[in-house]
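The values are calculated or read from the model by the stated rules, or taken from the named source; none is laboratory data. Bear in mind that the values here come from a model prediction, so they are computed numbers and not experimental data. Cβ placement follows ideal geometry from the backbone for every residue including glycine, while neighbour counts extend to all protein chains displayed.
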Amino acid sequence: MLEIKNLHAEVEGNKILRGINLTINPGEIHAIMGPNGSGKSTLSYVLAGKEDYEITEGEILFNGENVLEMEIDERAAAGLFLAMQYPIEIPGVANMTFLKTALNAQRVARGEGELKTPDFMKKVKELSAKLNVTQEMLRRPLNVGFSGGEKKRNEILQMALLEPKLCILDETDSGLDIDALRIVSEGVNALKSPERSMLVITHYQRLLNYIVPDVVHVMYKGQIVKTGDKSLALELEEKGYAEFTGEVAA
């Protein structure tokens with residue numbers, strides 16, 4: 001589904017990704033862990049198409065198509081979804097309006113008809129109940145005044161509505177208490193399917209207790225330096241990243 005070959009990227013002349021190689025097959029869940037500044041979030045931004053980053057070498061193929069030749073909206077319509085570490089607030093845009101516009105824009109881009117309001121409302125009501133997204137949250141401006149947990153639940157609601165083929169979760173556990181983490185993780189797990197893959201970026205093992213990965217990668221200084229199964233995350237939780245950084249925790 002996703003194939004990254006020798007990917008190099010920089011921002012304002014600073015090299016961040018230094019030769020990423022990664023293959024994710026349909027239905028697989030991959031986790032990327034690593035210390036701060038290792039390039040994890042940069043990888044997610046590059047996949048999503050954030051403009052600040054210059055690709056200096058390598059390629060990204062998504063279901064055989066060259067992602068680097070696609071605009072952001074084209075990537076989204078193709079089935080890429082980025083759940084951001086810090087979802088932004090958009091005053092003046094009702095959450096429900098945003099959700100309907102995003103869903104119908106993607107349906108039109110894929111040659112499908114727009115979802116009529118009654119069908120859309122039914123779909124949102126069913127999904128929001130599972131994610132503990134209240135009707136009051138749906139009426140409010142997008143993410144405005146939401147707690148960290150509410151923002152993350154709302155973003156997983158977006159993901160459930162859009163039904164992407166590849167879900168990129170950039171530190172989704174950031175700022176969540178244990179109850180919010182459980183609700184968000186249950187929402188993510190409900191989207192598992194043989195046709196949908198996930199790339200989970202996190203610092204901590206605790207998220208991977210809920211969203212269990214098939215493969216775990218360690219990223220350091222813009223490269224994937226080690227790959228293993230889910231036991232690798234437990235090893236990192238116990239020993240930290242000293243093996244890669246050469247630093248011993250105090």
Candidates Lys50, Lys15, Lys5 - the one that is surrounded by fewer than 18 Cβ atoms within 10 Å (Cβ to Cβ), under 16 Å from the mean Cα position of the chain (by Cα) and basic (Lys, Arg): Lys50
Run Lys239 past the list (1) surrounded by fewer than 16 Cβ atoms within 10 Å (Cβ to Cβ); (2) without any contact (Cβ under 8 Å) to a residue 40 or more places away in the chain; (3) within 19 Å of Leu99 (Cβ to Cβ); (4) of a type in the set (Lys, Arg) and report the number of the one that doesn't hold. (3)
Yes or no: Thr117 without any contact (Cβ under 8 Å) to a residue 24 or more places away in the chain, polar (S, T, N, Q) and either closer than 26 Å to Val215 by Cα or exposed (fewer than 15 other Cβ atoms within 10 Å of the Cβ) (or both)? yes
Give the stretch 120-138 a look and list any residue that's surrounded by fewer than 17 Cβ atoms within 10 Å (Cβ to Cβ) and assigned to a helix (DSSP H, G or I), or say none. Met121, Lys122, Lys123, Lys125, Glu126, Ala129, Lys130, Gln135, Glu136
For the stretch 175-192, does any single residue satisfy the condition of being out of contact with any helix residue (DSSP H, G or I) (no Cβ under 8 Å at 6 or more places or on another chain) and within 19 Å of Asn25 (Cα to Cα)? yes
In this structure, does Glu163 turn out to be closer than 25 Å to Val93 by Cα, surrounded by fewer than 21 Cβ atoms within 10 Å (Cβ to Cβ) and among the acidic types (Asp, Glu)? yes
Taking Leu232, is it at pLDDT 90 or above, assigned to a helix (DSSP H, G or I) and of a type outside the set (D, E, K, R)? yes
For the stretch 139-151, indicate whether the set of residues that are among the basic types (Lys, Arg), more than 20 Å from Met1 (Cβ to Cβ) and assigned to a loop (DSSP other than H, G, I, E, B) is non-empty. yes
Could you identify the single residue in Ile88, Ile60, Ile72 that is among the aliphatic types (A, V, I, L, M), closer than 30 Å to Arg18 by Cα, in contact (Cβ under 8 Å) with a residue 24 or more places away in the chain and exposed (fewer than 13 other Cβ atoms within 10 Å of the Cβ)? Ile88
Those residues of the stretch 184-225 which are crowded, with 16+ Cβ neighbours inside 10 Å, basic (Lys, Arg) and either touching a Leu at 6+ places or on another chain (Cβ under 7 Å) or over 24 Å from Leu17 (Cβ atoms) (or both) amount to Arg196
Residue check: is Phe81 more than 18 Å from the chain's Cα centre (by Cα) and among the hydrophobic types (A, V, I, L, M, F, W, C)? no
With in a loop (DSSP other than H, G, I, E, B) and over 22 Å from Leu80 (Cβ atoms) as the only criterion, which of Val225, Val212, Val218 stands out? Val212
Those residues of the stretch 206-235 that are over 20 Å from Gly27 (Cβ atoms), touching a residue at least 60 places away in the same chain (Cβ under 8 Å) and touching a helix residue (DSSP H, G or I) at 6+ places or on another chain (Cβ under 7 Å) come to a total of 3
